[in-house]
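What follows is one structure encoded as structure tokens, with my remarks underneath.
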Amino acid sequence: MTAPTPLIAGNWKMNGLAASLDEAKAIAAGLAGAPARVALCPPAVLLHRMAEALAGSRVLVGGQDHRAEAAGAFTGDISAEMLADAGATLTILGHSERRAGHGETDATVAAKVGAALRAGLEPIVCVGETLEERKAGDALAVVTGQVRGSLPAELAGRPFSVAYEPVWAIGTGLTPTTPEIEEVHRAIRATLVGQFGEAGRAVPILYGGSVKPSNAAEILHVDEVGGALVGGASLKADDFLGIVRAL
Ligand code: PEP
């Protein structure tokens, strides 16, 4: 089976105002020939404007989480349908900032994945261990358990990716060693094949956690790393393009 096309996705989190669309346009303008799919996931209120600004470019636009319900009395929340309606084609789900900060369980994430599929969105499902779990020798068990619990069977035959994001590496400047990354990615691959058969080999497994231009080449060339989910370094076009060009 051929290797999946790498995906480099930027997660802007709660950052960005209308003026930040210039960075997104600069990213689109600088992509020529990059051998990857590239996505930006801005705050929901910027999504429609970003999708319009990037129309016709190679940059895909995605959301950052949504509810599992399609509509209803959920003040302040948004649905997968709303993201798709605003121009999103992907969505980040199960980010550790949602799991830890909003009490999301694997079951919550799996329900949201189902909603994303019904809305036609391609999920990027995040998993990752805390520092305590790694120190206790539980990283592989935690991560593979999250993969099994967060990926519903209805993903079979649908495009999606998994992002391995060690919680302790997010926004800290710390990264695992490349053998540590490879070990976890191999375990995720084996779990995906267990769940989805040979089709599990075509699922990109992204690495996320303090990826920047200076470490991107080393990380992106680790076996079984199929791209990156990038937080802070996706906010500046030069940094994000530096990561894309490291492929
Ligand atoms: C993230 O939160 O998805 C992330 C990878 O953040 P950062 O790149 O800033 O560590």
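The values are calculated or read from the model by the stated rules, or taken from the named source; none is laboratory data. Small disclaimer: the values here were computed from a predicted structure and weren't measured. As a convention, Cβ positions derive from the backbone with ideal geometry for all residues, glycine included, and neighbour counts pool all protein chains shown.
At a glance:
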| quantity | calculated |
| --- | --- |
| Qualifying positions in region 206-225 - surrounded by 23 or more Cβ atoms within 10 Å (Cβ to Cβ) and under 30 Å from Ala153 (Cβ atoms) | Leu206, Tyr207, Gly208, Gly209 |
| Considering residues of region 170-181 that are over 20 Å from Ile124 (Cβ atoms) and not hydroxyl-bearing (Ser, Thr, Tyr) only, the residue farthest from the ligand (Cβ to nearest atom) | Pro179 |
| Pick from region 12-25, criterion surrounded by 15 or more Cβ atoms within 10 Å (Cβ to Cβ) and touching a Lys or Arg at 6+ places or on another chain (Cβ under 9 Å), ranking: farthest from Leu47 (Cα to Cα) | Glu23 |
| Test: Phe160 is more than 16 Å from the ligand (Cβ to nearest atom) and touching a Pro at 6+ places or on another chain (Cβ under 9 Å) | yes |
| Qualifying residue in region 79-98 (condition: farther than 12 Å from Leu40 by Cα, assigned to a loop (DSSP other than H, G, I, E, B) and of a type in the set (D, E, K, R)) | no |
| Residue count, region 27-42 (criterion: surrounded by 15 or more Cβ atoms within 10 Å (Cβ to Cβ), away from the ligand (no atom under 16 Å from the Cβ) and not in a strand (DSSP E or B)) | 5 |
| Strands (runs of 3 or more DSSP E) lying entirely in region 160-247 (those with 3 or more residues that are under 20 Å from Thr144 (Cβ atoms)) | 161-164, 205-208 |
| Residue within region 1-11 that is closer than 19 Å to Glu165 by Cβ, away from the ligand (no atom under 16 Å from the Cβ), surrounded by 21 or more Cβ atoms within 10 Å (Cβ to Cβ) and modelled with pLDDT under 95 present | no |
| Counted residues, region 218-232 - those being over 14 Å from Asn11 (Cβ atoms) and within 16 Å of the ligand (Cβ to nearest atom) | 6 |
| Selection status of Glu129, of a type outside the set (Gly, Ala, Ser), at pLDDT 95 or above and within 16 Å of the ligand (Cβ to nearest atom) | yes |
| Selected residue (only one of Val167, Val203 is of a type in the set (A, V, I, L, M, F, W, C), within 13 Å of the ligand (Cβ to nearest atom) and touching a residue at least 40 places away in the same chain (Cβ under 8 Å)) | Val167 |
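Rundown of residues vs (1) of a type in the set (Ser, Thr, Tyr); (2) farther than 28 Å from Leu54 by Cβ, yes/no style:
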| site | (1), (2) |
| --- | --- |
| Phe74 | no, yes |
| Thr91 | yes, no |
| Gly101 | no, yes |
| Ala107 | no, yes |
| Gly114 | no, no |
| Gly120 | no, no |
| Pro123 | no, no |
